[in-house]
Amino acid sequence: MLLKINPISGSLEPVPSSWGLRELELERYLITQTEANVRVLSWSVFHEDLLLLSNQVRTSANKRADLLALDQAGNGVVIELKRNDVKLGVETQALQYLADFSKYRGSNFLRKFSGSLSEETVKAFLGDNANVEEINIRSRLILVARSFDPSVFSLGEWLSSKGVAFKCITYLPVQIGEAQFLSFSVAFDRSPDALYPLTFSSAAREPGIYWHNIARPDQTWWEFLVSHRQIPACFQNAPGDQGERVLSKYVAKDRIVAYAAGFGALGWGIIEDPSTYHLVTVGDEDDVLGGECRHRISVEWRATARTLSNSLSAEEIRREFNIYHPISTSVSINKSDGEKLLVRLSEFLSRSDG
């Protein structure tokens, strides 16, 4: 809830608003696009990476679910939007959708619900270690509404005990003068850790190979990253956000392949010391993007292109190694294929920059 301070009494009071959102309007605000023009759902709202498969998707009963997405573990995610409060019983419709969609697995699920989204794009989102045939082995449910009756959370506890991840997100539309604001908050979340095998929180895992998107396909920015031996992450540029989580997942000896949208692989390096992660202070000499992409971690570059145009193209990499370019900031690469890519990339950059 957004509160204002009463200047006379000093008490906190709700901010009144006459702005009422329709569900389709809310849906539009939740959908955003990557640099590759792939539709994803706003990380600022859901606090996780979600690839949008379809909106207003028809079920077998000829009804329409609001949003159907994939998380980075390959779970199908049914998202229902409600313009008002949700009480016990309203979510029954969403559970029916979940039951309907959960009947489909792997490529059958993609053929049925991904529309014009290519399997290549899905692989680019999930990473090369993902098995397409394991998509939607488990399904999840997210409700978005103005508020929730506590009885809904009780149901969520029961669903979680049965292995169904359940999340509730509240939103508040506020209009002050001509300015409009939307505030979102996770009110309830029972998502078992087993649903997120790609959340690398443990330093005990073996080092791997990862795509890492440098965020800005800009020559000056790339030169800065090379000369300062850094890779970035953006998001809200705040402590604890997804940018910090992305960089903090790396362990010593992870190898990263730097990627620029529209160009390709620019080089590769090794994360020697994960403790070098830091959030650049606004105005600091390393804050070269004016407050953007301030999450950084050090990398020991092994091979780099002098210019963006000298990159190894994403299409050539896909054709030669069956490795798909990344959609999100950091995506795993199959280790055996990745080893070959690193050799090829080193040879390519040596010739092109020689």
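The values are calculated or read from the model by the stated rules, or taken from the named source; none is laboratory data. Please read all numbers here as calculations on a predicted model, not as lab measurements. Here Cβ is always computed from backbone atoms with ideal geometry, including for glycine, and neighbour counts include all displayed protein chains.
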*Would a scan of the range 211-219 turn up a residue that is modelled with pLDDT of 90 or more and part of a helix (DSSP H, G or I)?*
yes
*One residue from Glu315, Glu339 being more than 25 Å from the chain's Cα centre (by Cα) and not in a strand (DSSP E or B)*: Glu339
*Looking only at residues in the range 225-241 that are among the hydrophobic types (A, V, I, L, M, F, W, C) and within 14 Å of Val280 (Cβ to Cβ), which one is nearest to the chain's Cα centre (by Cα)?*
Phe235
*Answer yes or no: is there a residue in the range 33-54 that is small (Gly, Ala, Ser), surrounded by fewer than 12 Cβ atoms within 10 Å (Cβ to Cβ) and either under 14 Å from the mean Cα position of the chain (by Cα) or not in a strand (DSSP E or B) (or both).*
no
*Failed item in (1) under 23 Å from Leu182 (Cα atoms); (2) at pLDDT 85 or above; (3) not acidic (Asp, Glu), with Arg111 passing the rest*: (1)
*Matching residues in the range 49-66 - criterion: being touching a residue at least 60 places away in the same chain (Cβ under 8 Å) and among the charged types (D, E, K, R)*: Asp49
*asked:* If I go through the range 88-120 residue by residue, how many of them are touching a Phe, Trp or Tyr at 6+ places or on another chain (Cβ under 8 Å) and surrounded by fewer than 18 Cβ atoms within 10 Å (Cβ to Cβ)?
replied: 3
*asked:* I need the full set of residues from the range 225-240 which are under 22 Å from Thr34 (Cβ atoms) and assigned to a loop (DSSP other than H, G, I, E, B), in order please.
replied: Cys234, Phe235, Gln236, Asn237, Ala238
_Close pairs (6 angstrom Cβ cut-off, 6 or more residues apart or separate chains): farther than 19 Å from His325 by Cβ and hydroxyl-bearing (Ser, Thr, Tyr) in the range 129-141, at pLDDT 85 or above and in a loop (DSSP other than H, G, I, E, B) anywhere_ = Ser139/Ser102
